[in-house]
Amino acid sequence: MSSSKASMRFSTALLHAGRPRGDGYGSVAVPVYQTGSFQATSAEELADVFAGRRTGFCYTRVGNPTVAAFEERMRVVEGGAAALACASGMAAAFLSIAGACQAGDAIIAPRTLYGGTLELFGDLERMGISVRLVDEVSTEALEGALDDSVRLVFAETISNPRLAVLDIPAIAAWCHAHGLALVVDNTLASPALARPLELGADVVVESASKQISGSGTVIGGVVCVGGSFRWDPARFPALAPWQRFGPLALMAGLRKSLHKDTGACMAPTTAFLCCVGLETLSLRMERACANALELARWLDQSGLASDVGYLGLASHPCHELASRQFDGRFGALLTFRAGSRERAFRFLNRVRVALLASNIGDARTLVLHPASTIFLEVGEKDRELAGVHEDTVRVSVGIEDVRDLISDFEQALG
Ligand code: PLP
């Protein structure tokens, strides 16, 4: 049914992987199957689909051809063994942890994660999964938080907005030496900058609401798994019922239980928009990264802002690691300090090209004051650790003509 070819290079896979064949009309774009259920041709066929003896679609919460096309495209693009589309990035993060853990288990994660994920950890604690927060993801910090109840490490490729970079091969090696899985939130990097599974991670989660869909049109998420981690039943009792699926135990457990039972599915039209968005991911990221570098350099030299945080500046503490891991590109996110909360608000109220909005990874440039918005619920110490001060402005750089962005920032900061 699908046209995926293992040998496709990244930019080609973005366009062709998972494109369904055989819809009867030769549709070039991924068709949208906007339907809740599928008519069976016989009672026997439907019984076979329910029993798993035959592949097929019966009900969109369980599976849908448009969603399956997006999953296959993501699987190929991430270099994974299987992918599962979800209702949001938060749903993907929740499922990756709750699928592998049960009450009494623990995970380790950095305090510098996206604020929404830190709030999710409160829910997990309530369900009996404890979260050990560390200041940074180093092997020393992880050692200090390790005990027999730990099942996995959850971290971001690039943290938002501090821009701490995860050394994926080194941390994956440490995790595997201790029988733990490494789950990576790759939202900020996107697969255009990093493919964590190829670098040694076991599970990658992404918010498809950002670079993947690309134009701020949807809320969606995805979980991808690699094909080598052994979900040892002694270490992962939550996955014991799915042991026969080997390295796909987590994916089988999610598909057959938690994802289906919580109704965390992606809508078909969302999957369509994600497929369309993926087609231009390489081009958008190339332009957004180039714009971000130029804007960061200009801000750094303008005298109108201080502490410009961008991975492409040699002054950033993670610059070298980012250069190595992301092949000379540094992402679309940057931060700067405006001098005071008032000056930050003044800037945000004066921009004309950039938009004041609480999202990232849009084709348009978006600006935000994190301390009064997405970090409102986060305590002061953790906020500072995440690089969020009273005067910090976050910029998600888009693909506009960078000269218009620079003029806009100049008039708004002047
Ligand atoms: N992970 C990161 C790094 C994010 O920045 C976000 C949202 O901003 C999410 C996950 C959650 O994604 P969603 O809003 O699609 O649930």
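The values are calculated or read from the model by the stated rules, or taken from the named source; none is laboratory data. Keep in mind that this is a model prediction, so the values were computed, not measured. In this analysis, Cβ positions are derived from the backbone assuming ideal geometry, glycine residues included, and neighbour counts consider all displayed protein chains.
Tally up the residues in region 72-93 that are assigned to a helix (DSSP H, G or I) and within 16 Å of the ligand (Cβ to nearest atom), please.
Taking region 72-93 as the starting set, the residues that turn out to be assigned to a helix (DSSP H, G or I) are 72-78, 89-93.
Then drop every residue that is not within 16 Å of the ligand (Cβ to nearest atom), which leaves 74, 78, 89-93.
The qualifying residues number 7.
Where residues in region 356-407 are under 18 Å from Ala305 (Cα atoms), over 21 Å from the mean Cα position of the chain (by Cα) and polar (S, T, N, Q), which of them is farthest from the ligand (Cβ to nearest atom)?
The qualifying residue farthest from the ligand (Cβ to nearest atom) is Ser407.
Can you tell me which residue in region 101-120 is nearest to the ligand (Cβ to nearest atom), limited to those that are hydrophobic (A, V, I, L, M, F, W, C) and buried (at least 21 other Cβ atoms within 10 Å of the Cβ)?
Ranking the candidates gives Leu113 first.
Taking helices (runs of 4 or more DSSP H) that fall entirely within region 228-293, which contain at least 2 residues that are assigned by TED's automatic domain parsing to the domain that holds Leu152 and crowded, with 17+ Cβ neighbours inside 10 Å?
Those helices (runs of 4 or more DSSP H) span 249-253, 268-279.
Check Ala141 against each of (1) farther than 15 Å from Gly221 by Cβ; (2) within 16 Å of the ligand (Cβ to nearest atom); (3) assigned to a helix (DSSP H, G or I); (4) small (Gly, Ala, Ser) and name the one condition it does not meet.
(2)
Suppose we filter region 51-92 for residues that are more than 20 Å from Leu197 (Cα to Cα) and either of a type in the set (Lys, Arg) or not assigned by TED's automatic domain parsing to the domain that holds Cys265 (or both); how many remain?
Residues that pass the stated criteria total 3.
Is it fair to say Asp327 is closer than 30 Å to Glu198 by Cα and at pLDDT below 95?
yes
Which of the residues belonging to region 152-193 are over 15 Å from Glu136 (Cβ atoms), among the small types (Gly, Ala, Ser), away from the ligand (no atom under 11 Å from the Cβ) and touching a residue at least 24 places away in the same chain (Cβ under 8 Å)?
Ala172, Ala173, Gly179, Ala181, Ala192
Can you list the strands (runs of 3 or more DSSP E) found entirely within region 330-414 that contain at least 3 residues being in contact with a helix residue (DSSP H, G or I) (Cβ under 8 Å, 6 or more places away or on another chain)?
Ranges flagged: 333-337, 392-396.
Name the single residue that is nearest to the ligand (Cβ to nearest atom) among those in region 204-220 being more than 23 Å from Met251 (Cα to Cα) and β-branched (Val, Ile, Thr).
The extreme case among them is Val218.
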